[in-house]
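> Dropping the structure in here first, questions after.
The values are calculated or read from the model by the stated rules, or taken from the named source; none is laboratory data. Everything numeric in this text was worked out from a predicted model, so none of it was measured. Because the Cβ atoms are built from the backbone with ideal geometry, glycine has one as well, and the counts that use them run over all protein chains shown.
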Amino acid sequence: MGTVAIKLNTISPLDGRYIKDTQKLSDYFSESALIKYRLLVEIEYLIMLGDEKHVLELEPLSISDKSKLRRIYKSFGDDEAKRVKAIETATNHDVKAVEYYIRERLDKMNKKRLFPWVHFAITSEDINNLSYSLMWQNAVLDVYIPDLNSLIKKLKNTSKIYSATPMLAMTHGQSATPTTFGKELAVFTKRLARQLGQLKSHKLLGKFGGATGTWAAHNVAYPKIDWSGFSRKFIQRIGLEPNLVTTQIEPHDSIVESYHILIRINTILIDLCRDLWSYISRGIIQQKKIPGEVGSSAMPHKINPIHFENAEGNLGIANALLNHLSNKLPISRMQRDLTDSTVLRNQGVAMGHGFIAIQNILRGFRRITINKNSMARELDDHWEVLAEAVQTILRKTGSPDAYEQLKQLTRGVRITEDTLREFVTHLRIPKKDKDLLNQLTPANYIGLAPKLVDQA
């Protein structure tokens with residue numbers, strides 16, 4: 001089956017329609033990637049066993065032997081993955097298939113003496129919990145964070161360009177006060193940067209304590225070894241933080257915490273997409289024309305905000321999956337059931353939908369421009385937004401009914417420049433305050449908005 005046929009016959013759009021956006025994640029979340037991570041854990045454990053002085057029956061491994069062993073997972077490719085899956089058809093056990101594959105490779109290396117030490121005293125969950133955490137952690141660090149950084153950088157740069165571009169702010173869908181487009185983007189920059197900081201600093205835990213987390217088999221075989229210390233060192237060596245008090249299952253609390261960070265990021269991005277969609281709908285943002293592109297099949301005049309809509313939809317799917325993972329994974333019947341194994345396979349799918357969204361938001365930003373004329377007209381149509389400033393000056397000068405005066409003037413009534421100026425003229429306030437109010441327009445009543453951009 002050719003490449004095109006594969007794309008057209010996949011069930012998941014991640015591997016079909018959106019393959020260009022998600023391909024980078026394949027090295028972390030595909031079936032082949034999972035096998036590779038399992039191999040890494042098994043091989044590194046075997047190497048560390050060989051370095052343990054109390055394991056007298058296992059002859060220490062030479063530097064050359066260690067290099068050859070590591071090559072098993074470092075050079076792992078499609079052909080090797082197919083061989084593991086072929087073994088699995090007989091074992092009906094995916095982790096055991098990895099063990100037998102390692103044995104095959106050891107046999108070719110004339111290292112049959114190492115057979116008993118592959119998967120020594122451990123359970124499948126020792127391999128799986130470390131593999132899934134490493135997959136997630138590495139994908140976050142290598143792929144997700146760089147792309148999220150690109151989006152934050154785009155937001156930051158765009159907010160600076162438009163830091164002083166006045167725009168009508170709306171609360172409850174109604175005119176509120178002026179702001180600037182740059183300041184509104186800076187809000188999202190700040191929110192995302194905070195979550196990014198939490199994502200970068202978050203640590204994932206791992207366990208390596210045997211069938212029910214007691215190191216019982218290890219301890220029977222080698223009671224002189226500090227197995228909890230051994231496990232701590234091993235887990236740290238492969239790049240995770242140790243959790244030494246577990247059942248057969250590492251409780252997944254730490255990886256769920258990471259999922260929650262992505263949920264918050266996704267939710268912020270949904271908020272961003274909806275705001276940009278609204279600005280496009282209002283006409284204060286316009287989208288660049290692309291030659292040959294069709295917006296609506298029936299209405300040729302339209303340029304639909306498809307990138308932000310696509311992103312919003314994918315972010316919703318991502319959060320639905322991440323929420324299920326977060327609710328399910330910390331729960332296991334007594335010391336072990338397999339429900340976690342089933343859902344963990346979908347963590348890459350969850351990240352994939354969010355990853356697609358980030359790509360589409362970036363595409364959307366590359367396409368939009370500010371319609372300054374529309375922004376200006378919209379502001380000029382809403383002189384009532386200066387009511388806040390007028391009533392604040394009235395309060396400052398001692399008026400006991402400042403709010404009520406402006407309410408009577410503006411509520412439910414169209415206010416023009418002339419209306420407001422006339423009102424100000426008759427106010428009993430100092431001339432300097434009156435002059436200040438007369439200098440205000442919806443376009444210049446933006447407070448500290450431009451300076452706030454620099455704080456994001």
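> Confirm whether ILE87 is exposed (fewer than 11 other Cβ atoms within 10 Å of the Cβ), of a type in the set (Val, Ile, Thr), modelled with pLDDT of 95 or more and out of contact with any strand residue (DSSP E or B) (no Cβ under 9 Å at 6 or more places or on another chain).
No: the conditions fail for ILE87.
> Return yes when LEU168 is surrounded by 16 or more Cβ atoms within 10 Å (Cβ to Cβ), of a type outside the set (Gly, Ala, Ser), modelled with pLDDT of 95 or more and not in a helix (DSSP H, G or I) and no when it is not.
Yes; evaluated as a whole, the condition is true for this residue.
> Which residue pairs have Cβ atoms closer than 7 Å, lie 6 or more positions apart in sequence or on different chains, and pair a first residue in region 90-112 that is over 15 Å from THR123 (Cα atoms) with a second residue that is among the β-branched types (Val, Ile, Thr) and outside any helix (DSSP H, G or I)?
So the pair list comes out as ILE102/VAL118; ARG103/VAL118.
> Which of the following residues is out of contact with any strand residue (DSSP E or B) (no Cβ under 8 Å at 6 or more places or on another chain), surrounded by 13 or more Cβ atoms within 10 Å (Cβ to Cβ) and β-branched (Val, Ile, Thr): VAL413, VAL385, VAL349?
Working: VAL413 fails: surrounded by 13 or more Cβ atoms within 10 Å (Cβ to Cβ); VAL385 fails: out of contact with any strand residue (DSSP E or B) (no Cβ under 8 Å at 6 or more places or on another chain).
The unique qualifying residue is VAL349.
> Hey, does region 367-374 have a residue that's touching a residue at least 12 places away in the same chain (Cβ under 8 Å) and closer than 30 Å to SER30 by Cβ?
Taking region 367-374 as the starting set, the residues that turn out to be touching a residue at least 12 places away in the same chain (Cβ under 8 Å) are 367-372, 374.
So of that shortlist, the ones also closer than 30 Å to SER30 by Cβ come out as none.
No; the residues of region 367-374 include none that is touching a residue at least 12 places away in the same chain (Cβ under 8 Å) and closer than 30 Å to SER30 by Cβ.
> Just name the residue that is farthest from the chain's Cα centre (by Cα) out of those in region 352-388 that are of a type in the set (A, V, I, L, M, F, W, C) and not in a helix (DSSP H, G or I).
That would be ILE370.
> Just to verify a result, which residue in region 103-160, among those that are β-branched (Val, Ile, Thr) and farther than 16 Å from LYS190 by Cα, is farthest from the chain's Cα centre (by Cα)?
Selected residue: VAL118.
> List, please: which pairs have Cβ atoms under 9 Å, are six or more places apart or on different chains, and start with a residue in region 241-255 that is surrounded by fewer than 17 Cβ atoms within 10 Å (Cβ to Cβ) and end with one that is of a type outside the set (Gly, Ala, Ser) and part of a strand (DSSP E or B)?
GLU241/LEU205; ASP253/LEU205
> Are any residues in region 424-453 surrounded by 14 or more Cβ atoms within 10 Å (Cβ to Cβ) and in a helix (DSSP H, G or I), and if so, which ones?
Listed by number, the residues that qualify are VAL424, ASP433, LYS434, LEU436, LEU437, ALA449, PRO450, LEU452, VAL453.
> Then there's this: Within the set of pairs 6+ apart or on separate chains, which have a first residue in region 310-336 that is of a type in the set (Asp, Glu), a second that is surrounded by fewer than 22 Cβ atoms within 10 Å (Cβ to Cβ), and C-beta atoms under 9 Å apart?
Note: pairs meeting the criteria are GLU312/ILE270; GLU312/ARG274; GLU312/TRP277.
> So, one more: Tell me which of these ILE63 doesn't satisfy, since it passes every other one: (1) over 27 Å from GLN137 (Cα atoms); (2) under 34 Å from the mean Cα position of the chain (by Cα).
For ILE63, the failing item is (2).
> Report the residue count in region 58-71 for those that are in contact (Cβ under 8 Å) with a residue 12 or more places away in the chain and in a loop (DSSP other than H, G, I, E, B).
Number of matching residues: 3.
> With respect to ARG421, is the statement that it is assigned to a helix (DSSP H, G or I), over 30 Å from ILE285 (Cα atoms), among the basic types (Lys, Arg) and not assigned by TED's automatic domain parsing to the domain that holds TYR144 true?
Criteria met by ARG421.
> Okay, moving on. If I go through region 171-197 residue by residue, how many of them are under 17 Å from LYS451 (Cβ atoms) and either assigned to a helix (DSSP H, G or I) or under 18 Å from the mean Cα position of the chain (by Cα) (or both)?
Number satisfying all stated conditions: 9.
> Another question about this same structure. Collect the residues in region 22-48 that are crowded, with 20+ Cβ neighbours inside 10 Å, out of contact with any His (no Cβ under 9 Å at 6 or more places or on another chain) and not β-branched (Val, Ile, Thr), keeping them in residue-number order.
Result: LEU25, TYR28, PHE29, ALA33, LEU34, LYS36, TYR37, ARG38, LEU39, LEU40.
> Separate question: Taking the options ILE72, ILE63, name whichever one is farther than 19 Å from PHE230 by Cα and loosely packed, with under 11 Cβ neighbours inside 10 Å.
On inspection, the qualifying residue turns out to be ILE63.
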